[in-house]
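A short write-up of the structure that comes next.
Every number here is computed from the coordinates shown, using simple stated rules; none is lab data. Here the structure is a predicted model, which is why all the values come from computation and not from measurement. Positions of Cβ are backbone-derived with ideal geometry, glycine not excepted, and every protein chain shown enters the neighbour counts.
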Amino acid sequence: MKAYLHIFLLLTFACTPESPKPDQQSRDLIWLEHAGAQMPVWVEGNTISNVMVIILHGGPGGNALIYNETSITMATELEERYGVAYWDQRISGNSRGSFDEKEVSVELMAEDLDLLIDLLQELYGPTLDIFLLGHSWGGYLGSYYLLDPERQAKVRGWIDVDGAHNIPSLTRDALELMEEVSRAQIGADVDSREKWEDILAFVEGFSLGNVIDTDDFVEVNLQAIEAEKLAFSDGLTAEGEEDPNELLKGLLSYFFGKHHPLTALTNRIQINQTQILDEAIANPLSDQLLRITTPSLLLWGKLDFVVPPNQGLDAYNNLGTPDNQKTLVIFEESGHSPMSNEPDLFVDIVVGFIEGLR
Amino acid sequence: MNSLKPLPHFSFFLFGLYFFSYQIGWSQDSTFSQFESLEWEVGYFGEFATHPGLKAGISYPFGHKLKVREKEKKYGGPFQIYKKRQWIVGSNLAFYHQPNNHNGYLATIELGKRRIKNKSYYRNRYTFWAWELGFGYYRYQLLGNTFRPSAIGFEKIRGNGTAIMPSLSCQWGRSLKSKKAHPGFIYIKFHSLYEVPFGTGFQLRLALESGVIYSFSQDTVSPIQP
């Protein structure tokens, strides 16, 4: 009897399918070690879809997990359909390692990205379709990466979200947009009129020389972030995802999450001491975008004071991608992060773009 | 990686630790009195408070100064307040785990000062404050899989790294209720740890520790009161 039972159990378990279910969701943590840095990549979502979206986070010195934890609609919807790789760039987020700050350059970061693409294709299949989704600073890094035709050939599609491909030009545009909106709000006599007056006073008192340096950019950038908050509190930009447990989730994530707040803070401080930003300011990419022919989707918030929508237009006009393979979408009720302000529309457009290229 | 080479450094560190403990233990043998004896401590070690771990260590108090003051009880006769200041030297091993990120291992030696006093007229109830400077060897193990480029694509490696870790910590404790001459203590300890190298400089880490301290001594005389 016992023997029959053993055979029965053996057959039962031997027949259990081991292949993954079609809707299987991956939650993999991999680290890429290169040139002194150890960079984490959380690969989440439907990796058997044969599509991988690599998130190029903002900053420099931001972190990728923020897109997973705070842009819930984008993360959930994209992960349901595709694999999403949340990659922390070197000296950013949870990255570790040790190296000389003089070694850090945009080119080195682009090399990291190139290796990451190769690694993902080695791990998840050589025919994996790679899509880059760069936000803000990630827009600069992604554009820089794609300037090289060999690298370009590895990428199926480029999604540029409020990308900072030309920092001197965006600094001027930011001042113009702040002036325009603050005058309109002061004219409308809104409750926050005084704060808009402060922003207008800043803009009027700020003189940009012919050469824009890091200090100019940082000063304007900080004011633009204030304007962004003010526009949001005035209801000019959409509330997006409302989560009643946002504070609790934030605290839990802070203390128990995958990322380490002190590591992220340290990286943020350290990257500001490198020459990365100076290098990006000294090398605006508008005139070089002609070399990029990858199918591209450009997504911009109409009230993005940080990287104003004129930059989207600039990217659209300068990209070498044929007109029928590039699209510029302006989100009417969004600021610097349309994936947070108008998440459903954002996801629909991104999914439509990816599906159109599969 | 420019981090320290793990094995040779760790061996030197362990040898140094052993040598240091040996010297202290035996050079003061003649004054190894009932006032000072080895203590052991174990506790929860939470890197960033919430990344859970464990810590175990031994410490040796030495070179004390004792002050005695007499006070009147509210009801009844006089009683003595004992205040003892002492140096402590210790060594610890700690481990913690940050889910979906890394595990950390830390070996430290610490030197500090402790001030211990009895609580009112209870002979066996004490509280103490201590601060300590430490020097540690830190090793982390990345969770998940780590890859680095190689001549044939990528090779899977053990993702880890090492660093030195100076620290500054402060500790508060109180004795457990006991009629023994050497009661146990519960304590809470706050660490600021400096991971060097990290990135292009160093990283501050914070840790919260809580546990118990017991003396190895079987003496019948209290560690504070003569």
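Brief remarks follow.
- Scaling the Cα radius of gyration of region A:127-208 by the globular reference 2.2 N^0.38 Å produces a ratio of 1.59.
- Each stretch of four or more DSSP H residues adds -39500 (n - 2.57); spread over every residue of chain A, this sum gives -15000 deg cm²/dmol at 222 nm.
- Selection from A:H135, B:F79, A:T73, by position along the positive dipole direction of the protein assembly as shown (Cβ): B:F79
- Dipole of the protein assembly as shown [Lys/Arg +1, Asp/Glu -1 at C-beta], most positive-end residue of A:Y82, B:A130, A:P322: B:A130
- Treating r as the C-beta distance of A:L252 and B:Y44 and R0 as 25 Å, the FRET efficiency rounds to 0.85.
- Taking every DSSP bridge with both residues inside the protein assembly as shown, close to 80 percent are antiparallel.
- Largest GNM mean-square fluctuation among A:D243, A:D278, A:D129, using chain A with Cα springs under 10 Å: A:D243.
- Per-residue Cβ neighbour rank within 10 angstrom, fewest leading, B:R115, A:R27: A:R27, B:R115
- Binned Cα-Cα distance frequencies in region A:205-358 - 5 Å width, integer %: 2, 8, 11, 14, 17, 19, 16, 10, 4, 0, 0
- Across the protein assembly as shown, the fraction of Cα-Cα pairs farther apart than 32 Å, rounded to a whole number, is 57%.
- Considering only A:L313, A:L247, A:L128, the Gaussian network model of chain A with Cα springs below 10 Å gives its largest mean-square fluctuation to A:L247.
- Charges were assigned to the Cβ only: +1 to each Lys and Arg, -1 to each Asp and Glu. The resulting dipole of the protein assembly as shown about its Cα centre is roughly 5740 debye.
- Counting charges near A:K195 (Lys, Arg +1; Asp, Glu -1) among other residues having Cβ under 11 Å from its Cβ returns a value of -4.
- Between A:E226 and A:L262, the contour length at 0.36 nm per residue exceeds the Cα-Cα span by 10.5 nm.
- Each 5 Å bin, from zero up to the one with the longest distance, holds this percent of the alpha carbon pairs of region A:266-333: 4, 15, 19, 18, 16, 16, 9, 3, 0.
- Percent of C-alpha pairs per 5 Å bin, region A:112-265, short to long: 2, 7, 12, 12, 13, 15, 15, 12, 7, 3, 2, 0
- Ascending count of other beta-carbon atoms within 10 Å, so fewest first, for A:E279, A:E239, A:E33, A:E69: A:E239, A:E279, A:E69, A:E33
- Given R0 = 56 Å, the distance between the Cβ atoms of A:E101 and A:N50 translates into a calculated FRET efficiency of 0.90.
- Cβ-defined net charge surrounding A:N310, 12 Å radius [Lys, Arg +1; Asp, Glu -1]: -4
- Where labels lie 7 Å past Cα in the beta-carbon direction, separation of A:E180 and B:W131 in nm: 5.7
- Sorted fewest first by neighbouring Cβ atoms within 10 angstrom, A:V106, A:V307 come out as A:V106, A:V307.
- Cα centroid separation - region A:177-212 against region A:70-121, whole Å: 36
- Positive-end extreme of charge dipole, the protein assembly as shown - chosen from A:I91, B:G153, B:G211 (charges on Cβ): B:G211
- Label-point separation, A:E219 to B:W87 (7 Å along Cα→Cβ), nm: 5.4
- Rough spin-label spacing in nm, given labels placed 7 Å along Cα→Cβ, for B:V196 and B:K177: 4.7
- Computed from Cα atoms alone, the Kirkwood hydrodynamic radius reported for region A:209-262 is 14.4 Å.
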